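Remarks on the structure that follows.
Since every read-out is calculated from the coordinates, none of them should be taken as a lab result. Everything quoted here is computed from the prediction, not taken from an experiment. Here the Cβ is made from the backbone with ideal geometry for all residues, glycine too, and neighbour counts use every protein chain on show.
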């Protein structure tokens, strides 16, 4: 995804550019499987999607790329219409097959952003629904893990604190969370409908939230992180703004059009990602996959240079991340979405038993 939308850029070219620019792993966006399936004999059917997954797996092996996860299994938890819930549970069985074919053990679930008329905020329902998928995944061989993620425009679970609360209540070994710098800061620091681009108490609320995160989060439940920034708009995202879409949350429209790679202040990036990232990397000692999940209007540009340019920018961002967080290792930058860095970055000794085989690497969703 981060290297170009599926209808604008084919999967092979994106995988090739990820590999060429030194990435080691990718996140698979379901959209890419759908569009690849459209080019195969079975089309966009369950069999066609499985054929597409097999093709992606083969290409990833050719290019030396690990597959970190498949995502997003969205709009699932809390459905008021329980027949829709049952249908999603059945759909998940196909996702399990796709995960097996892709040789990944992780499925990502973003918190629902359906209207309140369609989804409930009843925590008992939300938790029960997520326990259901976790138990289904745990029963498989090999087991499937899930990571839950708050979106800054989700209907109910729109902060990392609420997401962490859900993960604790679900209380399953194979159910963790993803910490996404954009979605965390896009809720507590940024407001695209404001002329300043900021929430009322942006600085103080963000500082307090970061302190809580360091005190609260058990890093064993953080399955990977996503690190991106976003562009400050020149004018508020109100009905007269070109990014405005009726009945769509403003933060969602902003997200779809304006995410940027880490450190791209020259393109308008303004979120305090560095402070949050240092808390996650340095204070909490995160060691694992680092994803750059970009969404930006540039990804729909059909010019053939887009995947390579995004991969180049992603690797430049990784170099800045390593410099700003004082991480070791080497950055291979010739001349995202989904790739990882080459050199292992070890955890502090207090975590060495838990993550002895883990690496901090850069990954972006294709």
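When only alpha-carbon atoms count, how far does the stretch 1-146 stretch along each of its three principal axes, as whole angstroms with the largest first?
On the principal axes, the stretch 1-146 reaches 47, 31, 29 Å in Cα extent.
Computed on alpha carbon atoms, what radius of gyration and Dmax characterise the chain, expressed in Å?
19.3, 56
Just to be sure I follow: if Rg is taken over the C-alpha atoms of the stretch 94-184 and Rh is the Kirkwood radius over the same atoms, what is Rg/Rh? Show your work: numbers first, answer last.
Values: Rg = 13.2 Å, Rh = 13.5 Å.
Looking at the stretch 94-184, the ratio lands at 0.98.
I'd like to compare 188-201, 209-222, 277-290: which one has the highest average count of other Cβ atoms within 10 Å, and what's the full order after that?
Numbers: 188-201: 18.0, 209-222: 15.6, 277-290: 20.7.
The packing order, highest mean first, is 277-290, 188-201, 209-222.
What list of whole percents do you get for P(r) of the stretch 129-287, with Cα-Cα distances grouped in 10 Å bins up to the one holding the largest distance?
Reading upward from the zero bin: 11, 37, 32, 17, 4, 0.
Take each of the peptides 77-86, 30-39, average the number of other beta-carbon atoms within 10 Å over its residues, and list them starting from the highest.
Details: 77-86: 15.7, 30-39: 19.3.
Ranked from most to least packed, the peptides come out as 30-39, 77-86.
Relative contact order, percent, of the stretch 54-106 when contacts are C-alpha pairs under 8 Å separated by at least 6 residues? All intermediate terms of the calculation are to be shown ahead of the outcome.
Values: 28 pairs, mean separation 28.7, N = 53.
Answer for the stretch 54-106 is 54 percent.
Extension gain residue 203-residue 8, at 0.36 nm per residue separation less the Cα-Cα distance, in nm? Can you show the working numbers first?
Working: separation 195, 0.36 × 195 = 70.20 nm, distance 3.83 nm.
Extending this stretch completely gives an extra 66.4 nm.
Can you give the extra length, in nm with one decimal, that the chain gains between residue 193 and residue 215 once fully stretched, where that is 0.36 nm per residue apart less the Cα-Cα distance? Please list the in-between numbers first.
Working: separation 22, 0.36 × 22 = 7.92 nm, distance 3.12 nm.
Stretched out fully, the residue 193 to residue 215 stretch lengthens by 4.8 nm.
Roughly how far apart, in whole Å, are the Cα centres of the stretch 1-47 and the stretch 56-94?
Cα centroid of the stretch 1-47 versus Cα centroid of the stretch 56-94: 15 Å apart.
Provide, as a two-decimal number, the C-alpha radius of gyration of the stretch 208-319 over 2.2 N^0.38 Å, N being how many residues it has. Write out the running numbers ahead of the final one.
Numbers: Rg = 15.9 Å, N = 112, 2.2 N^0.38 = 13.2 Å.
Cα-based Rg divided by the globular estimate yields 1.20.
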